[in-house]
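S.K.: Can you keep this structure in mind? I'll have questions shortly.
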Amino acid sequence: MDKNSPKIGLVSLGCPKALVDSEVLINKLQTLGYGISQTYDNADAVVVNTCGFLDSAKTESLNAIGEALNENGKVIVTGCLGSTPEFIRDSHPNVMAIAGPQKFNEVLDSITENIPIKSNPFEAKPSSSYVKLTPRHYSYLKISEGCNHKCSFCIIPSLRGPLKSRSMASILSEAKSLVERGTKELLIISQDTSAYGLDLKFEETLVNGKKLKTNIYNLVNELASLGIWVRLHYIYPYPHVKQLIPLMDQNRVLPYLDVPFQHAHPDVLKRMARPSNNVHDLEQISEWRSINPDLSIRSTFIVGFPGETESEFNFLLDWLEEAKIDRVGCFKYEDVSGARSNAMEGHLHDDIIQDRYDRFMSRAQQLSELKLKEKIGKTFTCVIDSVEQDHLICRSIFDAPEIDGIVSVPNKQRYYRVGEHVTVKIKDSSEYDLEGELLIS
Ligand code: SF4
């Protein structure tokens, strides 16, 4: 990159899926010869990659756009909120350009038009280094975009369109290149990971010299051959998910499933128009655990959905206990502009929603505490996420970065590197985290 090349700042908001889009954008900019600025001052323009899922996220996005306009002045907006340009222009009429999610070319067109590279294009030296927004040792790998479902509280399908799976060849080639650059853990993400390949009619394709159907099992099985940790997120509990569990039992894939159940009561799930019906969810969970008893399940839930009765909520609490979900996240229901649930009857008062949230989190905390206690005395392989002065912050195979717990391990003797795998014996536990000691072989 020429030292006089224009520099672009990037503010990335939202979920890991948006983070992956930000990485793509940064790398496309670098390929064109632009520099990346860490500060508003140094940047010739700023791209704000927004989140527009909940109204609170929209407010955060509008605030970030406002800050970028104040601090820099030249702002291009992309991401989920970019699908509603009028909404953005109502608050910020002076943004330079607005593009929807994954409209990389529109963002790049606006940048090249407004902030052209002045040096001779034949002499411009695009950067060959690849930028990642996560630490070197783990990477998010997005396998598809969009979603075919129509959950009543969600506007993702209207923002990102129907399911669009990437080819296995392109995913595997990205995975290999991430591994070559130091990734030791791939976090598989999408809106609906279990549905991978459905839009491609599960077509047969040539992968590593074999003819394979484009489906989640074959994809995960091939990724597992890379010899790194593979962790599955956003898996809906369709019957075929059971096929993935033996891969976990054979230690080819981490014994971890992130399954966004959202609720457990059949009537609430019906009103939510969720893709899966819970009648068989408990059976499925126990079937998965009969194949791999170590399986760790993470899930997210929504409390206070319109019309949720006290007994439906209590059903959810009991279900949570019966399902023994290991890691739990919870959202308080809120209306999202454009979602069908806004028009439903039975919206609950904020106090009731808050009360249910508190009760849910307190039950989830008790469960987590109990489940973590069971790990005391056991030995696990952990990855080092951070090296502190007198201890290491590690993470077990049962925990994803940024959302789950940690394993704290005292260390004063040896030099360790972030990303290194260590064997840890668990000595103590708290509500969400573990403490252990290093076993040196
Ligand atoms: S499955 Fe439902 S909640 Fe998830 S992205 Fe699709 S519509 Fe939204």
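S.K.: Over the Cα atoms of segment 1-45, what radius of gyration and what Dmax do you get, in Å?
M.R.: That works out to 11.0, 33 Å for Rg and Dmax.
S.K.: Take the eigenvalues of the Cα gyration tensor for the chain, scale each by 5, and report the square roots as semi-axes in whole Å, largest first.
M.R.: Calculated on Cα positions only, the semi-axes equal 35, 29, 23 Å.
S.K.: In whole Å, what are the extents of segment 384-441 along the principal axes defined by its C-alpha atoms, from largest to smallest?
M.R.: 28, 21, 21
S.K.: Also: To the nearest µm²/s, what D does Stokes-Einstein give for segment 222-353 at 10 °C and 1.306 mPa s, using the Kirkwood radius over alpha carbon pairs as Rh?
M.R.: Estimated via Stokes-Einstein, D reaches 99 µm²/s.
S.K.: Gap in Å between the Cα centre of segment 340-400 and the Cα centre of segment 284-319?
M.R.: 13 Å
S.K.: Over segment 193-269, how many percent of alpha carbon pairs lie in each 10 Å bin up to the one with the longest distance?
M.R.: So the P(r) values, bin by bin, are 17, 45, 29, 7, 1.
S.K.: Count charges around residue 337 for me, please; just the other residues with Cβ under 13 Å from its Cβ, Lys/Arg as +1, Asp/Glu as -1.
M.R.: On the way: positive: 58, 340; negative: 55, 86, 90, 334, 335.
Within the 13 Å Cβ shell, the charges total -3.
S.K.: Over the chain, what is the relative contact order in whole percent, taking alpha-carbon pairs under 8 Å and six or more residues apart?
M.R.: 10 percent
S.K.: Viscosity 1.567 mPa s, temperature 4 °C: give me the Stokes-Einstein translational D for segment 267-318 in µm²/s, with Rh taken as the Kirkwood radius over C-alpha pairs.
M.R.: Reported coefficient: 102 µm²/s.
S.K.: Still on this structure, please answer the following. Quick check: residue separation of residue 337 and residue 283 times 0.36 nm, minus the Cα distance between them. What number comes out in nm?
M.R.: 15.9 nm
S.K.: What order, most packed first, do the peptides 226-234, 308-316, 201-209 have when packing is the mean number of other Cβ atoms within 10 Å of each residue?
M.R.: On the way: 226-234: 20.0, 308-316: 16.9, 201-209: 12.2.
Result, highest mean first: 226-234, 308-316, 201-209.
S.K.: Sort 91-98, 69-76 by the packing proxy (mean of other Cβ within 10 Å over each peptide's residues), most packed first.
M.R.: With the highest mean Cβ count within 10 Å placed first, the list reads 69-76, 91-98.
S.K.: Here's something else I'd like to know. Highest mean first, how do 185-191, 212-218 rank when packing is the count of other Cβ atoms within 10 Å averaged over residues?
M.R.: Highest-to-lowest ranking by the protection proxy: 185-191, 212-218.
S.K.: Residue 270 to residue 318: extension gain in nm, 0.36 nm per residue of separation minus the Cα-Cα distance?
M.R.: Answer, rounded to one decimal: 15.4 nm.
S.K.: Same structure again: Based on Cα coordinates alone, diagonalise the gyration tensor for segment 133-189, multiply each eigenvalue by 5, take square roots, and list the semi-axes in whole Å, largest first.
M.R.: 27, 13, 7
S.K.: Could you work out [θ]222 nm for the chain from helices alone, using -39500 (n - 2.57) per DSSP H run of at least four and dividing by all its residues? Round to the nearest 500 deg cm²/dmol. Don't skip to the end; give the middle numbers.
M.R.: Numbers: 12 runs with 140 residues, N = 441.
So the calculated ellipticity at 222 nm is -10000 deg cm²/dmol.
S.K.: Report, in listed order, any pair from 176/412; 242/332; 142/213 with a Cα-Cα distance greater than 27 Å. Present the calculation step by step, with values, prior to reporting the outcome.
M.R.: Details: 176/412 35 Å; 242/332 30 Å; 142/213 19 Å.
The pairs that break the limit, which is 27 Å between Cα atoms, are 176/412; 242/332.
S.K.: I need the calculated FRET efficiency for the pair residue 39 and residue 430, taking r as the beta carbon distance and R₀ as 35 Å, to the nearest 0.05.
M.R.: The computed FRET efficiency comes out at 0.40.
S.K.: Out of all Cα-Cα pairs in segment 325-441, roughly what percent, to the nearest whole number, are more than 19 Å apart?
M.R.: Tail fraction, whole percent: 56.
Values quoted throughout were computed directly from the atomic coordinates according to the rules given, and no laboratory measurement underlies them. Keep in mind the model is a prediction, meaning the values are calculated, not measured. No Cβ is skipped: glycine too gets one built from the backbone with ideal geometry, and neighbour counts run over all protein chains shown.
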